[in-house]
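K.L.:
The structure that follows is given in the form of structure tokens.
Quick note: the coordinates plus some simple rules give every number you see, no bench work behind them. Source: prediction; values computed, not measured. Ideal geometry is used to build each Cβ from the backbone, glycine not excepted, and the neighbour counts take in all protein chains shown.
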Amino acid sequence: MDDISKQRSKKLSKTLELAGWKPNVEGIATNPTRFWIYSMSLEHGPRMTCAIGAEFLREMVSKTGQVADLHKAFPEYWVAVAEAIKMFDLATEEGRQTEELRQALALYAGFYACNTQTWSILRPLNEVDGTHFMLLDWIGQDGGRIMRPAHIHRADPLSGEELRNFANVVIDAHLAKRPGDKPLKPWKLP
């Protein structure tokens, strides 16, 4: 790990610690599955994680129900999740974050997930112990939001340290291919 990655890792650890990182096991629907979604920002740290409910997972797989409705409203799925992130971050900054907003972010993150190329390489849950899909985002040098999907298969939710390490792998891999996407402000320390 180079010096920049080490510094980013250290700052993210501090952000996770200050944010009181705790996984949210209540998914956006009842009957949670072993499919977890994480939303994490380089600027703000972790936003949420939740186990997706069986009904919503079926909608993600078949692109029906809420997913189909969202697709009609937002053919450019990345715009929808970017707006949900912006709304969530603003509410958090203003002290107005609610469980309803967390569930809305989970819905939009799920909508995003099932429309990415990463989705096409996920193995079915009956073949793995669990799936963990992370949406990592940051503001780039040009002021635009950059979003990177990633996943791993494993049984248990990611700890704060594991999430930090996973995020570092994702951003390092992305920046190796697209160095121009370097974050404007690597990490914000509260």
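K.L.:
Tell me the residue from Glu93, Glu83, Glu100 that is more than 15 Å from the chain's Cα centre (by Cα) and more than 21 Å from Gly53 (Cα to Cα), please.
P.N.:
So the residue among Glu93, Glu83, Glu100 that is more than 15 Å from the chain's Cα centre (by Cα) and more than 21 Å from Gly53 (Cα to Cα) is Glu93.
K.L.:
Are there any pairs, at least 6 apart or on different chains, whose C-beta atoms fall under 6 Å, with the first in region 53-72 and free of Cβ contacts under 8 Å to residues at least 60 places away in the same chain and charged (D, E, K, R) and the second buried (at least 16 other Cβ atoms within 10 Å of the Cβ) and not in a helix (DSSP H, G or I), and if so, which?
P.N.:
These pairs meet every condition: Glu55/Ala29.
K.L.:
Scan Thr131, Thr116 and give me the residue that is surrounded by 17 or more Cβ atoms within 10 Å (Cβ to Cβ), touching a residue at least 40 places away in the same chain (Cβ under 8 Å) and among the polar types (S, T, N, Q).
P.N.:
Of the residues listed, the single one that is surrounded by 17 or more Cβ atoms within 10 Å (Cβ to Cβ), touching a residue at least 40 places away in the same chain (Cβ under 8 Å) and among the polar types (S, T, N, Q) is Thr131.
K.L.:
Right, here's the next one. Looking at region 43-82, which of the residues that are charged (D, E, K, R) and in a loop (DSSP other than H, G, I, E, B) is nearest to Lys182 (Cα to Cα)?
P.N.:
Glu43
K.L.:
Now, a different point. Identify, from the list Leu136, Leu101, Leu90, the residue that is closer than 20 Å to Lys185 by Cβ and without any contact (Cβ under 8 Å) to a residue 60 or more places away in the chain.
P.N.:
Leu90
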